[in-house]
Ligand code: UP5
Ligand code: MG
């Protein structure tokens, strides 16, 4: 597909900041197609016959970032398949909300050069203590291999050391809308809406 056919919004924020939760709202009201890089990786991990299954499992448990070739291929395949099964009305662009990606500077550059430049970056800003409480609670029932105290600590470290520089880089390009995420789901969503509408998305 051509970059001219799509609008891409990156949705970033620390582990447990609420990206998945807020994405559901955005799909409802703004007709985004939601693609979570983490969900795509977990699906690939569980797909029988995947040559990457074991590698992905190890990276996720350790809170490390899976080599970008794998993630970018999953994302761009998911975009292409969405465009073919659900093409946007003539004269309009398909809108993709890409959740949890890019998490490393080289991924951002590679995706924007080979797939499509982003229009906007939504960033959920949340204190670690709040994210930790949410993730430990979710871990009681989520079955996610990385919702335990040790993996959460590693995910936080990767986020601060590797993923925040991506946010800072987009900020320098004036692409970032920051929303404070330490509030109720409804309050955060109201701020998210304001932010994207101010940018005309
Ligand atoms: N919750 C949400 N909002 C709330 C609010 N306002 N008030 C109270 N509670 C709130 O929310 C987390 C929990 O908090 C839920 O229980 C929710 O009800 C509650 P959620 O919306 O799931 O937050 P989210 O930001 O989506 O958290 P998630 O755990 O999914 O974030 P991560 O970024 O850690 O996970 P992801 O799936 O994106 O990535 C997992 C791993 O995959 C990474 O660590 C990495 O190893 C790998 N990965 C890559 O290698 N490359 C990639 O590009 C992407 C992922
Ligand atoms: Mg998520």
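Bear in mind that the values in this text are calculations on the coordinates, not laboratory data. Quick caveat: nothing in here was measured; it's all calculated off a predicted structure. Positions of Cβ are backbone-derived with ideal geometry, glycine not excepted, and every protein chain shown enters the neighbour counts.
Kindly indicate which of 106, 169, 99 is in contact with a helix residue (DSSP H, G or I) (Cβ under 9 Å, 6 or more places away or on another chain) and over 25 Å from residue 80 (Cα atoms).
Only one candidate qualifies: 169.
For the range 11-33, indicate whether the set of residues that are without any contact (Cβ under 8 Å) to a residue 24 or more places away in the chain and crowded, with 17+ Cβ neighbours inside 10 Å is non-empty.
no
Whether any residue in the range 11-19 is near ligand 1 (Cβ under 9 Å from one of its atoms), over 13 Å from the mean Cα position of the chain (by Cα) and in a loop (DSSP other than H, G, I, E, B) is what I want to check.
Scanning the range 11-19 turns up no residue that is near ligand 1 (Cβ under 9 Å from one of its atoms), over 13 Å from the mean Cα position of the chain (by Cα) and in a loop (DSSP other than H, G, I, E, B).
Read through the list (1) within 18 Å of residue 9 (Cα to Cα); (2) in a loop (DSSP other than H, G, I, E, B); (3) within 17 Å of the chain's Cα centre (by Cα), then give the number of the only condition that residue 201 fails.
(3)
Give the residue, chosen from 64, 57, that is in a loop (DSSP other than H, G, I, E, B) and either within 13 Å of ligand 2 (Cβ to nearest atom) or in contact (Cβ under 8 Å) with a residue 24 or more places away in the chain (or both).
64
Among the residues of the range 35-58 satisfying the criterion of being crowded, with 19+ Cβ neighbours inside 10 Å and farther than 12 Å from residue 70 by Cα, which is farthest from the chain's Cα centre (by Cα)?
Once the filter is applied, the top-ranked residue is 35.
Of the residues in the range 20-42, how many are assigned to a helix (DSSP H, G or I), more than 10 Å from ligand 1 (Cβ to nearest atom) and touching a helix residue (DSSP H, G or I) at 6+ places or on another chain (Cβ under 8 Å)?
4
Output the number of residues of the range 59-74 satisfying the condition of being surrounded by fewer than 18 Cβ atoms within 10 Å (Cβ to Cβ), closer than 27 Å to residue 95 by Cα and within 11 Å of ligand 1 (Cβ to nearest atom).
Of the residues in that region, 1 qualify.
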